[in-house]
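Readers should treat all values here as calculations from the given coordinates under stated rules, not as data from a laboratory. Being a predicted model, the structure only gives us computed values, none of them experimental. Reconstructed Cβ throughout: ideal geometry from the backbone, glycine too, with neighbour counts over all protein chains shown.
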Amino acid sequence: DAKTTQPTSMDCAEGRAANLPCNHSTISGNEYVYWYRQIHSQGPQYIIHGLKNNETNEMASLIITEDRKSSTLILPHATLRDTAVYYCIVRLAGGTSYGKLTFGQGTILTVHP
Amino acid sequence: KAGVTQTPRYLIKTRGQQVTLSCSPISGHRSVSWYQQTPGQGLQFLFEYFSETQRNKGNFPGRFSGRQFSNSRSEMNVSTLELGDSALYLCASSLVTSPNEKLFFGSGTQLSVL
């Protein structure tokens, strides 16, 4: 799986959009970009994933650059409950292992009142 | 629909003992994966089971083992516990019907080795 690079920490004001960047310059054509988050001492929570196109769901939007070397997770209206560690993961589509994710150190997002 | 259930939530053991952790996946999910999380190493993949067979294994010693039952429930076992095995152990399940299937995680078992 390709390596990802994320900022160690970010701050955001409550109610504002939080934009979390991720660099995955060695991503290959059949690798997806996944985002998970983890609130202290809980299991990681799935947020969103995409291959080439931008994606949006009820939690967030994922913007993937045209060359796929980087992406941005957008939380449109951050709340205090969005304070968590956010992991950007590149995952091979298919193969023989569906259950393996390679987690990096992630970005600690702190949402301030 | 119930989520991934892990038991027990907390566990305290002493060095040299062994421990068994349990994971019940979401109903219908056939793949179960296990992860270890420590402050120093972060989240690391242990192994994955599908249809009672181990499909993939991370870089952990043989003291770490697992199994999956016919109802997809899974257990992991750690023998001869060491202080460094203190960690949050997480289980994840997925449907395994498409290549971009997402994983759902349980809340984990917090193991403390004294």
**Study point:** Neighbourhood net charge (15 Å Cβ-Cβ; Lys/Arg +1, Asp/Glu -1) for A:Leu62
**Key:** +2
**Study point:** Estimated vicinal HN-Hα couplings, Hz - the range A:74-83 in sequence order (Karplus 6.51, -1.76, 1.60; Gly, Pro = x)
**Key:** 10, 9, x, 9, 5, 10, 4, 6, 7, 5
Point to revise | Percent of Cα pairs exceeding the 17 Å cut-off, where the set is the range A:50-112 | key: 52
Revision key, fill the gap. Extend 7 Å from the Cα of B:Gln18 along its Cα-to-C-beta direction; within the range B:44-71, residues with backbone N under 12 Å of that point are B:63-66
Check your understanding: For the protein assembly as shown, can you list the cysteines whose C-beta has no other cysteine C-beta under 4.7 Å from it?
Key -> A:Cys12
Check your understanding: So if we plug the beta-carbon distance of A:Thr110 and A:Ser25 into 1/(1 + (r/R0)^6) with R0 = 25 Å, what FRET efficiency do we get, rounded to 0.05?
Key -> 0.40
Exercise for review: For peptide A:41-47, compute the average count of partner chain beta-carbon atoms within 10 Å of each residue's beta-carbon.
Suggested key: 6
Review point. What average count of beta carbons from other chains do you get within 10 Å of the Cβ of residues in B:24-34?
Key: 1
Exercise for review: Over all directions, average the projected area of the Cα convex hull of the range A:1-95 and note it in nm².
Suggested key: 6.2
Practice item. Would you kindly derive the ³J(HN,Hα) couplings of the range B:8-20 from the backbone phi angles with the Karplus curve 6.51 cos²θ - 1.76 cosθ + 1.60 (θ = phi - 60°), listing them in order in whole Hz, with x for Gly and Pro? Key: x, 7, 9, 8, 10, 10, 10, 3, x, 6, 10, 9, 10
Study note, to complete from the structure: The FRET efficiency for A:Lys69 and A:Asp11, from their Cβ-Cβ distance with R0 = 25 Å and rounded to 0.05, is 0.45
Review point. Which GluC sites (Glu not before Pro) in the range B:36-114 pass both tests, a DSSP loop state and at most 13 other beta-carbon atoms within 10 Å?
Key: B:Glu52, B:Glu82
Revision key, fill the gap. Here the alpha-carbon Rg of chain B over 2.2 N^0.38 Å rounds to 1.01
Practice item. Within 10 Å of each residue's Cβ, count the other Cβ atoms and sort A:Phe103, B:Phe69, B:Phe105 from fewest upward. Key: B:Phe69, A:Phe103, B:Phe105
Exercise for review: Would you mind ranking A:Cys22, B:Cys91 so that the residue whose beta carbon has the fewest other beta carbons within 10 Å leads the list?
Suggested key: A:Cys22, B:Cys91
Point to revise | Total charge dipole magnitude, chain A, about the Cα centre, Cβ charges on Lys, Arg, Asp, Glu only, Debye to nearest 20 | key: 220
Check your understanding: Which far-off residues, 5 or more places away or on another chain, put their amide H under 5 Å from the one on B:Gly108, with H placed in the peptide plane?
Key -> B:Gln6, B:Cys91
Point to revise | the protein assembly as shown - convex hull of alpha carbons, volume per residue in Å³ | key: 123
Check your understanding: Which whole-Hz ³J(HN,Hα) couplings does the range A:40-56 yield from phi under the Karplus relation 6.51 cos²θ - 1.76 cosθ + 1.60, θ = phi - 60°, glycine and proline marked x?
Key -> 2, 6, 10, x, x, 10, 5, 10, 6, 8, x, 10, 10, 8, 5, 10, 9
